[in-house]
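S.K.: First, the structure itself, so that you have it in front of you.
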């Protein structure tokens, strides 16, 4: 699998755990990511789903902000759709963010999400796993993001994926909701399925 830099329970399941040093830097998060696996139905009928993160100036209170642009295609169309949002960092938790859309409709939608595990992939590239809290529109879910060198698509082989899931399962032993979300993980279609390690 490579290297696990950090892995812990999402704060929702362990609110008393120290989280001050558990999140990646904003520079590490920045750039293009590919959605490899998800438990969220919104991605399972899509393909070529990418997320581009770009640092923004902190808000008036000095809180970190991160621009968020998602691009995707449906399984039956070549047209590319985009969702634009701005993420605002959580106070006291460098791994937590609040997503808010910028569109006519999405500006009224927000979602709290947290990077609770991340690391490096063998042969180059990175991975991170995120927990999304339930909203009035969506149920709770998990996403697994990957990227190769220079943000290129990097396919996880079965052993890499299984290793990441197994480590999360160890943490989630006493948390049935998190285990249930893991059991709902499914691969997200990508047209650039390349040999493992290719970039």
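S.K.: Looking only at the stretch 59-81, count how many residues are closer than 16 Å to residue 100 by Cβ, loosely packed, with under 13 Cβ neighbours inside 10 Å and in contact with a strand residue (DSSP E or B) (Cβ under 7 Å, 6 or more places away or on another chain).
M.R.: 2
S.K.: If we keep just the residues of the stretch 90-104 that are outside any strand (DSSP E or B) and touching a residue at least 24 places away in the same chain (Cβ under 8 Å), which is farthest from residue 167 (Cα to Cα)?
M.R.: First, the residues of the stretch 90-104 that are outside any strand (DSSP E or B): 91-92, 102-104.
Keeping just the survivors that are touching a residue at least 24 places away in the same chain (Cβ under 8 Å) gives 91-92.
On the way: 91: 27, 92: 25 Å.
Restricting to residues being outside any strand (DSSP E or B) and touching a residue at least 24 places away in the same chain (Cβ under 8 Å), the top hit is 91.
S.K.: Of all residues in the stretch 124-138 being without any contact (Cβ under 8 Å) to a residue 24 or more places away in the chain and surrounded by fewer than 17 Cβ atoms within 10 Å (Cβ to Cβ), which is nearest to residue 7 (Cα to Cα)?
M.R.: Residue satisfying both the conditions and the ranking: 134.
Okay, residues lined up against (1) farther than 26 Å from residue 2 by Cβ; (2) out of contact with any helix residue (DSSP H, G or I) (no Cβ under 8 Å at 6 or more places or on another chain); (3) at pLDDT below 95:
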| residue | (1), (2), (3) |
| --- | --- |
| 68 | no, yes, no |
| 74 | yes, yes, no |
| 83 | yes, no, no |
| 91 | yes, yes, yes |
| 100 | yes, no, no |
| 105 | yes, yes, yes |
| 122 | no, no, yes |
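Yes/no matrix, rows are residues, columns are (1) under 18 Å from the mean Cα position of the chain (by Cα); (2) closer than 22 Å to residue 139 by Cα; (3) in a loop (DSSP other than H, G, I, E, B):
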site	(1), (2), (3)
19	yes, no, yes
27	yes, no, no
36	yes, yes, no
48	yes, no, no
63	no, no, yes
66	yes, no, no
71	yes, yes, no
76	no, no, yes
88	yes, yes, no
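S.K.: Can you confirm whether the stretch 51-71 contains a residue that is in contact (Cβ under 8 Å) with a residue 60 or more places away in the chain and under 20 Å from residue 95 (Cβ atoms)?
M.R.: yes
S.K.: When you scan the stretch 157-170, do you find a residue that is in contact with a strand residue (DSSP E or B) (Cβ under 7 Å, 6 or more places away or on another chain), under 22 Å from residue 30 (Cβ atoms), surrounded by 13 or more Cβ atoms within 10 Å (Cβ to Cβ) and touching a residue at least 12 places away in the same chain (Cβ under 8 Å), even just one?
M.R.: Yes: the stretch 157-170 contains one or more residues that are in contact with a strand residue (DSSP E or B) (Cβ under 7 Å, 6 or more places away or on another chain), under 22 Å from residue 30 (Cβ atoms), surrounded by 13 or more Cβ atoms within 10 Å (Cβ to Cβ) and touching a residue at least 12 places away in the same chain (Cβ under 8 Å).
S.K.: Being under 15 Å from the mean Cα position of the chain (by Cα) and closer than 17 Å to residue 6 by Cα is the filter here, so list the residues in the stretch 148-187 that pass it.
M.R.: If the condition is that a residue be under 15 Å from the mean Cα position of the chain (by Cα) and closer than 17 Å to residue 6 by Cα, then 161, 164, 165, 168 are the ones that fit.
S.K.: Limited to the stretch 1-11, what total is found for residues that are out of contact with any helix residue (DSSP H, G or I) (no Cβ under 9 Å at 6 or more places or on another chain) and either surrounded by 17 or more Cβ atoms within 10 Å (Cβ to Cβ) or in a loop (DSSP other than H, G, I, E, B) (or both)?
M.R.: Count: 1.
S.K.: While we're here: For residue 144, state whether it is under 25 Å from residue 98 (Cα atoms), in contact with a helix residue (DSSP H, G or I) (Cβ under 9 Å, 6 or more places away or on another chain) and crowded, with 19+ Cβ neighbours inside 10 Å.
M.R.: It is true that residue 144 is under 25 Å from residue 98 (Cα atoms), in contact with a helix residue (DSSP H, G or I) (Cβ under 9 Å, 6 or more places away or on another chain) and crowded, with 19+ Cβ neighbours inside 10 Å.
S.K.: Which of the residues spanning the stretch 26-42 are touching a residue at least 60 places away in the same chain (Cβ under 8 Å) and over 23 Å from residue 88 (Cα atoms)?
M.R.: Residues satisfying the conditions are 36, 37, 39.
The values are calculated or read from the model by the stated rules, or taken from the named source; none is laboratory data. Because the structure is predicted, anything quoted here is derived from the model rather than measured. Because the Cβ atoms are built from the backbone with ideal geometry, glycine has one as well, and the counts that use them run over all protein chains shown.
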